[in-house]
1. Just to verify a result, which residue in region 32-89, among those that are among the aromatic types (F, W, Y) and open to solvent by 100 Å² or more (accessible area, probe 1.4 Å), is nearest to I20 (Cα to Cα)?
2. Go through region 79-89 and give me each residue that's at pLDDT below 75 and over 30 Å from the mean Cα position of the chain (by Cα).
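The values are calculated or read from the model by the stated rules, or taken from the named source; none is laboratory data. Since the model is a prediction, treat every value here as computed from it, not as a measurement. Remember, those area values only see protein heavy atoms, side chains included, never the ligands or the DNA or RNA. Shrake-Rupley method; radii C 1.70, N 1.55, O 1.52, S 1.80 Å.
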Amino acid sequence: MDITEALGNIYNTVQNRISIFVIADALQSIYPATINGIFESNTELKYLYMPEIDILLFIKTMHINLGPIIESEAFINSNYRILKTIFLE
């Protein structure tokens with residue numbers, strides 16, 4: 001809890017559960033015997049899982065292939081022309 005409630009890590013509950021899962025998963029990959037022993041010795045503890053968030057329905061999406069854009073990305077003006085080509089043409 002010290003890590004997840006540290007300044008800069010205060011999120012909503014879903015983000016908090018994701019952070020806790022990632023930390024626990026990292027510890028489990030480094031110390032598998034110790035972490036598995038903790039969950040096996042205490043039956044009240046349940047191993048953490050990644051929360052499911054707004055799972056999208058499986059649908060076929062349309063794919064649009066963009067043609068080649070002959071511009072250099074070395075300059076800001078070229079980047080603007082690339083974006084203009086992608087979004088406005």
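1. Y49
2. E89
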